Amino acid sequence: MNEQLLNDDDVTLFGLFVEAHSRIKPLVNRDLDIPHAWFEVLLRLGRTPGHQLRMTDLAEAVSFSSGGFTRLADRMEKEGLIRRDPDPADRRAALAVLTDKGGQALDHALTAHVSHLRNHLSGPLSAQDLRHLERILRTLRDANA
């Protein structure tokens, strides 16, 4: 085994990133009362102006294949959390639209989510650490788009 590669700083840094994410994710997603994937969809729609996105863009934003996302959207639509409208800019496409019921479910889930974020993510960090972490995460996201 190559000890130099095993102990490489980048390997250690990435491992810490993965470990922190693995530990924090289940803690901040407790008590949502909806499946986590549904929460991600509702959150994306809630944070988007007009509370609607093209289905393909939403599937990409939540890291789903188009087929997998279609099945997820079918279940969410059946529950009344989203609806599908034709895209006026492209008649071949559909928009996923947040419904009032979906907005209520999102508000309920966010109450628990934000409380857990404050306990497990932002709570252990100083205000300066939070600003640095946000800058670093934006840089990594944008560099790897």
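The values are calculated or read from the model by the stated rules, or taken from the named source; none is laboratory data. Keep in mind it's a predicted model, so treat the numbers as computed, not measured. Cβ placement follows ideal geometry from the backbone for every residue including glycine, while neighbour counts extend to all protein chains displayed. Ligands, DNA and RNA are stripped out before the accessible areas are found, and what is left, the full protein with its side chains, is counted by its heavy atoms. Shrake-Rupley method; radii C 1.70, N 1.55, O 1.52, S 1.80 Å.
Before we move on, is A105 buried (at least 16 other Cβ atoms within 10 Å of the Cβ) and either under 20 Å from the mean Cα position of the chain (by Cα) or not in a loop (DSSP other than H, G, I, E, B) (or both)?
So A105 fits the description; yes.
Residues of the stretch 1-45 being farther than 21 Å from A61 by Cβ, touching a residue at least 60 places away in the same chain (Cβ under 8 Å) and open to solvent by less than 70 Å² (accessible area, probe 1.4 Å), which ones?
Hit for the stretch 1-45 is L27, nothing else.
Within the stretch 61-89, track down each residue that is part of a loop (DSSP other than H, G, I, E, B), under 19 Å from the mean Cα position of the chain (by Cα) and not hydrophobic (A, V, I, L, M, F, W, C).
From the stretch 61-89, those part of a loop (DSSP other than H, G, I, E, B) are 62-65, 79-81, 88-89; that's our starting set.
When the remaining residues are screened for being under 19 Å from the mean Cα position of the chain (by Cα), the result is 62-65, 81.
Of everything in the stretch 61-89, those that are part of a loop (DSSP other than H, G, I, E, B), under 19 Å from the mean Cα position of the chain (by Cα) and not hydrophobic (A, V, I, L, M, F, W, C) turn out to be S63, S65.
If a residue has to be in contact with a helix residue (DSSP H, G or I) (Cβ under 7 Å, 6 or more places away or on another chain) and in a helix (DSSP H, G or I) to count, how many in the stretch 12-34 make the cut?
3
Hey, among the residues in the stretch 46-55 that are in a helix (DSSP H, G or I) and open to solvent by less than 80 Å² (accessible area, probe 1.4 Å), which one's nearest to E77 (Cα to Cα)?
Going through the stretch 46-55, the residues in a helix (DSSP H, G or I) turn out to be 46, 49-51, 55.
This time we only want the ones that are open to solvent by less than 80 Å² (accessible area, probe 1.4 Å), so: 46, 50, 55.
Numbers: G46: 15, G50: 18, M55: 12 Å.
Looking at residues that are in a helix (DSSP H, G or I) and open to solvent by less than 80 Å² (accessible area, probe 1.4 Å), I get M55.
Going by the conditions given, is L58 modelled with pLDDT of 95 or more, touching a strand residue (DSSP E or B) at 6+ places or on another chain (Cβ under 9 Å) and in a helix (DSSP H, G or I)?
Judged against the criteria, L58 is not a match.
Scan the stretch 90-100 for residues that are touching a strand residue (DSSP E or B) at 6+ places or on another chain (Cβ under 9 Å) and not in a strand (DSSP E or B) and jot them down.
Within the stretch 90-100, just T99 meets the criteria.
Suppose we keep only residues that are of a type in the set (A, V, I, L, M), touching a residue at least 12 places away in the same chain (Cβ under 8 Å) and open to solvent by 30 Å² or more (accessible area, probe 1.4 Å) within the stretch 108-131. Which one would you say is nearest to H36 (Cα to Cα)?
Within the stretch 108-131, the match that is nearest to H36 (Cα to Cα) is L110.
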